[in-house]
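The values are calculated or read from the model by the stated rules, or taken from the named source; none is laboratory data. Since we're looking at a predicted model, the values are computed, not measured. Neighbour counts run over all protein chains shown; Cβ positions are idealised from the backbone, glycine included. With ligands, DNA and RNA removed, areas are computed over all heavy atoms of the protein, side chains included. Shrake-Rupley method; radii C 1.70, N 1.55, O 1.52, S 1.80 Å.
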Amino acid sequence: DTEMGTNKQTCGDKADSVSTLMAESEELSAKISKLSDEIAELSDSVAEIDAAVAEATALRTKEKAKNAVTIEEAKVAQVAVAKAITVLEEFYAGASQATAFTQQDASATFNKPYTGMGGANGGVVGMLEVIQSDFARLESETSTAESEADEEFTRFTDDSSQDKAVKNMDLENKNKDKTTAESDLLSTKKDLEAT
């Protein structure tokens, strides 16, 4: 009777241990599964961040090159227009004394010296001055846009870098937790077999 009572008690204790170990094993398996899903999610997020940064970098590089060309062309155009204005102003200044093509008896037609059409409504010189100011404005606006785009890109890459660092740290911690849980599960299964 004593032996049967002891065996019954031992059997009950073992059954309780088996139940506890099985519950612990199921809990660890669920934890490992959840951590695996979270790790996969974090890995995808890190990959998305890397892809977004790579795409933004490629776009920024193209935009920067395009803006540099636009700025350089605007500077060259301003210089060219300034030279054209200078040439025209010198021409008009000298045109009032030029008499090479005047006829001797055309005094009624040419009763005053020709000074060009520069003063009427701005004329060609006025138009060139407007074009020159347009190129100056283009250079200024493009430089400003380039600066703003560069600042925005820098903010984006800094934010992405910080977000990636946080996710990588979280990923590292979850991998450690998963490894620990897998080790605990292996130990629990061994205890369960032994029990």
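Output yes when any residue across segment 24-31 is among the aliphatic types (A, V, I, L, M), open to solvent by 40 Å² or more (accessible area, probe 1.4 Å) and more than 30 Å from ASN175 (Cα to Cα), and no when none is. Scanning segment 24-31, I find no residue that is among the aliphatic types (A, V, I, L, M), open to solvent by 40 Å² or more (accessible area, probe 1.4 Å) and more than 30 Å from ASN175 (Cα to Cα), so the answer is no. Entry remark, segment 132-144: residues being closer than 16 Å to VAL79 by Cβ and surrounded by 14 or more Cβ atoms within 10 Å (Cβ to Cβ) number 6 in total.
With assigned to a helix (DSSP H, G or I), closer than 18 Å to ASP150 by Cβ and open to solvent by 40 Å² or more (accessible area, probe 1.4 Å) as the only criterion, which of LYS83, LYS64, LYS75 stands out?
Numbers: LYS83 fails: closer than 18 Å to ASP150 by Cβ; LYS75 fails: closer than 18 Å to ASP150 by Cβ.
Result of the check over LYS83, LYS64, LYS75: LYS64.
Matching residues to (1) of a type in the set (A, V, I, L, M); (2) closer than 30 Å to THR157 by Cα; (3) at pLDDT 85 or above:
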residue: SER17; (1), (2), (3): no, no, yes
residue: ALA23; (1), (2), (3): yes, no, yes
residue: LEU28; (1), (2), (3): yes, no, yes
residue: GLU63; (1), (2), (3): no, yes, yes
residue: ALA68; (1), (2), (3): yes, yes, yes
residue: GLU72; (1), (2), (3): no, yes, yes
residue: LYS83; (1), (2), (3): no, no, yes
residue: SER96; (1), (2), (3): no, no, no
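For segment 32-59, the tally of residues that are open to solvent by 60 Å² or more (accessible area, probe 1.4 Å), of a type in the set (A, V, I, L, M) and more than 24 Å from SER160 (Cα to Cα) stands at 0.
In segment 1-28, the residues that are within 30 Å of LYS176 (Cβ to Cβ) reach residues that are hydroxyl-bearing (Ser, Thr, Tyr) and surrounded by 10 or more Cβ atoms within 10 Å (Cβ to Cβ) with C-beta atoms within less than 8 angstrom, at least six apart or across chains, in these pairs: SER17/THR195; VAL18/THR195; LEU21/THR188; LEU21/THR195; GLU24/THR188; SER25/THR188; LEU28/THR188. Which residues, counting only those in segment 1-23, are surrounded by 13 or more Cβ atoms within 10 Å (Cβ to Cβ) and among the aliphatic types (A, V, I, L, M)? If the condition is that a residue be surrounded by 13 or more Cβ atoms within 10 Å (Cβ to Cβ) and among the aliphatic types (A, V, I, L, M), then VAL18, LEU21, MET22 are the ones that fit. Kindly provide the set of residues from segment 145-186 that are of a type outside the set (D, E, K, R), farther than 24 Å from ALA47 by Cβ and open to solvent by 60 Å² or more (accessible area, probe 1.4 Å), ordered by number. Answer for segment 145-186, where residues must be of a type outside the set (D, E, K, R), farther than 24 Å from ALA47 by Cβ and open to solvent by 60 Å² or more (accessible area, probe 1.4 Å): THR180, SER183, LEU186. Considering segment 124-158 alone, what residues qualify as being touching a residue at least 60 places away in the same chain (Cβ under 8 Å) and either under 23 Å from ASP50 (Cα atoms) or of a type in the set (Lys, Arg) (or both)? Across segment 124-158, the qualifying residues are ALA149, ASP150, PHE153, PHE156, THR157.
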